[in-house]
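Heads up: the structure comes next, in structure tokens.
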Amino acid sequence: MANQDLLGELVDIARSFATYGKVADYIPALRDQNPDDLAISIYSIENESYYAGDHLKKFTLQSISKVIALALVLMDNGEEEVFSRVGMEPTGDPFNSIAKLETHKPSKPLNPMINAGALAVTNMISGNSVVEKWDRLIEFICHLTGQKVTYNEDVAYSELQTANLNRSLCYFMKQHGVISGNVEDLLVLYTKQCAVEMNCMDLAKIGAVFANDGADPESGKQLITKDVARICKTFMVTCGMYNSSGEFAIKVGIPAKSGVSGGIMGSVPGKCGIGIFGPALDEVGNSIAGVKLLEGLSGKYSWSIF
Ligand code: GLN
């Protein structure tokens, strides 16, 4: 497994790339993050953990939550229902693009890792109200981390006030029968989901559950079915790093999902989960130092699945 000193060295090297990135500012509450932060935790399926940097600092999941919501919704509704509303194909467009919704027929989102697809997925969480749906989602996340996790109200509120592009995606999809119900309720749920807050260690633990075919490495309990864990990891490979998933697959080769807060969750099948936080982003919205760090790690330990 990993080596604590080497991890520290890799973090120091990767941190120097943060100066070439930029903190996300389209969600006002994310603007104040420190671009030089970089931390990592690794949680092996043998329950060993390693870390470097401020690994207990909390950050919001943002798009990383998409893969978690997908796992829940697939278990709730089954593959057939879910994939009747969202596709399985990667896109070369940015994560918040509306373009393909109109030009691609049928007009359902291309995949669950872009905003349109994630909104359609969150719309399928079972429950009779926003509160019930939220309770199920957060309870699921608490089981995955083994911790009492909650969300950052300021970040959720800040996104809700400014999420007009996501609103447009929802209204477009409602018109075309991809989503149902009240759009504002869906946005409340989605922005809370994106604002779920945790540290690198918690995130690494979730990555380890996926790496362990859906079973909690600690208790052995099957938290996600093996099939659903496989589907989620596949989406992480094909679409998890937005429109640079192809380059990431070549250079890193680890199923991973990033978020605009600067988090990345990695899952090395049969080995470990990885949680990274580095808020300076590259032009597509991935943690610039985080990607470098994963590149270094994957090379060092031959973790590419290819
Ligand atoms: N909450 C963000 C949004 O919907 C998540 C996007 C991301 O992390 N790429 O815009």
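Can you work out the Karplus-derived ³J(HN,Hα) for every residue in the range 70-86? Use 6.51 cos²θ - 1.76 cosθ + 1.60 with θ = phi - 60°, whole Hz, and x for glycine or proline.
Each residue's phi maps through the Karplus curve to give 4, 4, 5, 5, 5, 6, 6, 10, x, 4, 4, 5, 4, 7, 7, 10, 9 Hz.
Ratio of the range 1-148's C-alpha Rg to 2.2 N^0.38 Å, to two decimals? Mind showing how you got there, number by number?
Values: Rg = 18.5 Å, N = 148, 2.2 N^0.38 = 14.7 Å.
Dividing the Cα radius of gyration by 2.2 N^0.38 Å gives 1.26.
Evaluate the Debye formula for the range 74-177 with equal point scatterers sitting on the alpha carbons, no solvent, and hand back log10 of I(q)/I(0) at q = 0.19 Å⁻¹, in q order, two decimals.
Debye output, listed in q order: -1.10.
Taking 0.36 nm per intervening residue step and subtracting the Cα-Cα distance, what contour gain separates ILE305 from THR150 on full extension?
Length difference between fully extended and current span is 52.6 nm.
For the range 39-155: lysine pairs with Cα atoms under 25 Å, gap of 8 or more or different chains, count?
So the count works out to 13.
Could you tell me what % of all Cα pairs in the range 190-232 have separations over 11 Å? The partial results should precede the final answer.
Working: 595 of 903 pairs.
The answer is 66 percent, as a whole percent.
Give me the distance between the Cα centres of the range 141-160 and the range 73-140, rounded to whole Å.
The range 141-160 and the range 73-140 have Cα centres spaced 19 Å from each other.
Scan the range 61-152 for trypsin sites (Lys or Arg not before Pro) in coil per DSSP, keeping those whose Cβ has at most 12 other Cβ atoms within 10 Å, and list them by number. It would help to have the intermediate numbers written out before the result.
Details: sites: LYS66, ARG85, LYS100, LYS133, ARG136, LYS148; in loops: LYS148.
Passing both the DSSP loop test and the Cβ count: LYS148.
Taking 0.36 nm per residue of sequence separation and subtracting the Cα-Cα distance, how much length would be gained by fully extending the chain between ASN128 and MET88, in nm to one decimal? Before the final figure, lay out the partial values.
Values: separation 40, 0.36 × 40 = 14.40 nm, distance 2.75 nm.
Taking ASN128 through MET88 to full extension adds about 11.6 nm, to one decimal.
Residue separation times 0.36 nm, minus the C-alpha to C-alpha distance between ASN164 and ASP25: what's the value?
Working: separation 139, 0.36 × 139 = 50.04 nm, distance 1.47 nm.
So the chain would gain 48.6 nm between ASN164 and ASP25.
Compute, for VAL131, the solvent-accessible surface of its heavy atoms (probe 1.4 Å) with the complete set of protein chains present, and express it in square angstrom to the nearest 10.
Roughly 100 Å² of VAL131 is accessible to a 1.4 Å probe.
Quote the relative contact order of the range 262-306 in percent (integer), defining contacts as alpha-carbon pairs under 8 Å separated by 6+ residues. Intermediate values should be presented prior to the final figure.
Numbers: 53 pairs, mean separation 14.2, N = 45.
Relative contact order for the range 262-306 comes out at 32 percent.
From the phi of every residue in the range 157-172, what ³J(HN,Hα) in whole Hz does the Karplus formula 6.51 cos²θ - 1.76 cosθ + 1.60 yield, where θ is phi - 60° and glycine or proline is x?
Result, ordered by residue: 5, 4, 5, 4, 5, 10, 7, 6, 5, 5, 4, 4, 4, 5, 5, 4 Hz.
From the phi angles alone, apply the Karplus equation (6.51, -1.76, 1.60; θ = phi - 60°) to the range 242-250 and give each ³J(HN,Hα) in whole Hz, x where the residue is Gly or Pro.
6, 7, 10, 4, x, 4, 5, 4, 6
Check which residues have an amide H placed less than 5 Å from THR150's amide H, if you skip close sequence neighbours.
Those qualifying (amide H under 5 Å, at least 5 residues apart or on another chain) are GLU197.
Can you pull the percent of Cα pairs in the chain with separation above 23 Å? If you can, show how the numbers build up before the last one.
Values: 23327 of 46665 pairs.
Result for the distance tail: 50 percent.
Taking H placed 1.01 Å from N in the peptide plane, check which residues at least 5 places from VAL178 or on another chain put their amide H under 5 Å from its amide H.
none
Hey, what's the Cα Rg ratio for the range 121-239 versus the globular rule of thumb, 2.2 N^0.38 Å? Write out the running numbers ahead of the final one.
Details: Rg = 15.6 Å, N = 119, 2.2 N^0.38 = 13.5 Å.
Taking N as the residue count of the range 121-239, the ratio is 1.15.
Roll a 1.4 angstrom probe over the protein heavy atoms and tell me the percent of accessible area of the chain that is carbon or sulfur. Don't skip to the answer; put the middle values down first.
On the way: 6100 of 12280 Å².
After summing per-atom areas, the C and S share lands at 50 percent.
The values are calculated or read from the model by the stated rules, or taken from the named source; none is laboratory data. Because the structure is predicted, anything quoted here is derived from the model rather than measured. Positions of Cβ are generated from backbone atoms using ideal geometry, with glycine treated the same way; all protein chains shown enter the neighbour counts. These area figures cover heavy atoms from the full protein model, side chains too; ligands, DNA and RNA do not enter into them. Shrake-Rupley method; radii C 1.70, N 1.55, O 1.52, S 1.80 Å.
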